[in-house]
Amino acid sequence: MRFIHSLPLPATVCLALCLTGPVAAEPFQTFFPEEYGQMNDEERAIFGQFDLKQGQITLSGGIAAIDVPDGYYFLDSADARFVLEELWGNPPDESVEGMIFPRDGWAWNGSWGATITYDPMGYVSDEDAASYDFNEMLTQMTADTLEGNKWRAENGYESIALLGWAEPPHYDSATNELYWAKRLKFAQTEGETLNYDIRELGRKGVLVVSFIADMQMLADVKASAPDILKMITFTEGNRYADFNPDTDKVAAMDVGGLISGNPVAAAGLIAVALAFLKKGGFVLLLAPLGWVFNRFRRKGADS
């Protein structure tokens, strides 16, 4: 079984910066002038191209809207993938639509980041959401993680151990939001990694929000999660309550499948959550960019 895989792409909705209201797109050097002033020429050439966005952004096709307030900023797909793949050493993933960061943190100083993805899998039934044995589910997820390490080794990525729940799964039937958090250990990384996951269920798919952070940031992530959820909403006609059983597609999994990665159709969700963080990017300014890039290129060449 190939555990690490992208989210299904054929109908994946990518972010289009359809401006439904005022949007501020500011370059890195003016958003973070002090940090930019401390960079060398090579670093400035890269990060000077980043645009940090605030304001209202919509998902293409109008499926959902993101309204980023002053206390946060948004990186579009290209900039987010640079962070995830080039700086943090994760497998390429075209389904990543963007990332949200806190206003006083940036992607290379130890801040958490929240990835945003939309998966048009269909309507996910929450009928049995209260009936799962999460301890039993964790046992199976641990085994799946070990199986997935075979693929990671073959493709030049370090292995992962799933250590347990950092936050047990919880489903809010009033808001149709699913929460859970995992404690992870990357083989070549000191300390534990936190993946704090939220799924917002909609009429035709699921909004996927994955916080990526150090375990010590758990309290900060939990405090910020309500803010992120307020920013991201399905538009009228695309909400969970708008489901029409006579015309709409029903997903091949239920709420439990979103958490565990079972059946096979959910494997991409769990894989993305487990794959994202590699802490080396947090110390970017302590190491030359050339060293970072060469390190990741060597991994690709050896795979």
*Taking neighbour counts of Cβ atoms within 10 Å as a proxy for exposure, in what order, fewest first, do 58, 193, 139 appear?*
139, 58, 193
_Distance-filtered residues of region 225-247 - backbone nitrogen under 15 Å, label point 7 angstrom along residue 67 Cα→Cβ_ = 227-236
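Would you mind checking the pairs 185/222; 150/182; 150/249 and listing those with alpha carbons more than 29 angstrom apart? Working shown, then result.
Values: 185/222 20 Å; 150/182 20 Å; 150/249 34 Å.
Correct reply: 150/249.
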_Below 8 Å, C-alpha to C-alpha, sequence gap of six or more: please give me the relative contact order for region 50-132 in percent._
22
*How big is the gap, in Å, between the Cα center of region 228-256 and the Cα center of region 156-212?*
20
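Full-extension gain between residue 35 and residue 49, please, as 0.36 nm times their residue separation minus the C-alpha to C-alpha distance. Please report the intermediate quantities before stating the final value.
Numbers: separation 14, 0.36 × 14 = 5.04 nm, distance 1.45 nm.
Fully extending the segment from residue 35 to residue 49 adds 3.6 nm.
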*Work out how much length residue 131 to residue 150 would gain on full extension: take 0.36 nm times their residue separation and subtract the Cα-Cα distance, in nm to one decimal.*
3.6 nm
*Under 14 Å from the residue 241 label point (7 Å along Cα→beta-carbon), backbone N, region 91-132*: none
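Under a Cβ-Cβ cut-off of 13 Å, what is the net charge of the residues other than residue 239 that fall near it, where Lys and Arg count +1 and Asp and Glu count -1? Present the calculation step by step, with values, prior to reporting the outcome.
Details: positive: 203, 204; negative: 177, 200, 236, 242, 248.
Local charge sum for residue 239: -3.
Every number here is computed from the coordinates shown, using simple stated rules; none is lab data. In this text, all values refer to a predicted model and were calculated from it rather than measured experimentally. Here the Cβ is made from the backbone with ideal geometry for all residues, glycine too, and neighbour counts use every protein chain on show.
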